[in-house]
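What follows is a short report on a single structure.
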Amino acid sequence: MPKVNVTPDHYVLLCARQYAATMRKFRNAANDAKRQSYTKMLHYLIESAVTEAELERRIRAKRLPEDVKDRIENNRPLPAGRVISRDEAELIKQVYAVPPVATVDNLTGEEMLFLADMYEGWAYDARMDAFEIARLLGWADGNRALVQVIGADYEPPPKVPGEPDSLLKFLAKQQAE
């Protein structure tokens, strides 16, 4: 049996890959019974992916100092004058680089790539502090990793007629223009 290279994001990306493959089957289903079967599988896969992503984020956050962890978990400001070291910035980036699997319900693969580019661009804005730079670069990496497994041609489930775009979809569309 071939050896599988298991990365920290392995199970998150495995669920995402299966979700994308099932979504493609759903779109090509011959009848309502098949679509209903695929719908159940899609719900299971997205719940599994979100659970795996949250567990991976928690594992990565455990390596951070308490004040930085509190900033991530509770959105509390860092102490005045707190300097983020390079090692801490890399750990922050890793926490935010967990692929954002919940976005597969809302964004196309192409829109995720637009967001990744936008996040990366924002990270180089001189007004950003070290924490925000690390967060933005992590988000960019997470989006790109997700698109690598679902494909840039991925299409999310159809929207309910009249349903407004999410903020992320709005931003991605703005970036695309």
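Rank ALA49, ALA123, ALA33 by mean-square fluctuation in a GNM of the chain with C-alpha springs under 10 angstrom and give only the top-ranked residue. The residue that fluctuates most here is ALA33.
With a threshold of 28 Å on the Cα-Cα distance, the over-threshold entries among LYS93/LYS169; LYS40/LYS93; LYS62/LYS173; LYS93/LYS173; LYS25/LYS62 are LYS40/LYS93; LYS62/LYS173; LYS25/LYS62. A simple count of charges around LYS173, restricted to other residues whose Cβ falls under 12 Å of its Cβ and scoring Lys, Arg +1 and Asp, Glu -1, yields -3. Please give the residues of segment 40-56, grouped as numeric ranges, whose backbone N is less than 13 Å from a label point set 7 Å along the Cα-to-Cβ vector of ALA29. Backbone N within reach: 40-44. Per-residue packing, averaged as other Cβ atoms within 10 Å, sorts the ranges 146-153, 101-108 into the order 101-108, 146-153, beginning with the highest. Only Cα pairs under 8 Å and 6+ residues apart enter the sum, and on that basis the relative contact order of the chain stands at 25 percent. For the chain, adding -39500 (n - 2.57) for each run of n ≥ 4 DSSP H residues and dividing by the number of residues yields -21500 deg cm²/dmol at 222 nm. For Cα extents along the principal axes in Å, computed directly from the structure shown, the correct entry in (1) 46, 36, 29; (2) 58, 35, 34; (3) 61, 46, 29 is (3). Taking Lys and Arg as +1 and Asp and Glu as -1, the other residues whose beta-carbon sits under 12 Å from that of LEU42 total +3.
Ranked by the mean number of other Cβ atoms within 10 Å of their residues, highest first, the peptides 55-68, 10-23, 161-174 fall in the order 10-23, 55-68, 161-174.
Rounded to the nearest 20 debye, the dipole size of the chain about its Cα centre is 560 debye, using +1 on the Cβ of Lys and Arg and -1 on the Cβ of Asp and Glu. Loop-located trypsin sites (Lys or Arg not before Pro) in segment 118-147 (DSSP state other than H, G, I, E, B) with a sparse environment of at most 15 neighbouring Cβ atoms within 10 Å: ARG127. Of all complete DSSP H helices in the chain, those with a Cα span along the helix axis of 18 Å or greater and a mean Kyte-Doolittle hydropathy of 0.5 or more are 130-150.
We did not get these values from a lab; they are worked out from the coordinates using the rules stated. From a predicted model like this one, the values you see are computed outputs, not experimental measurements. Here Cβ is always computed from backbone atoms with ideal geometry, including for glycine, and neighbour counts include all displayed protein chains.
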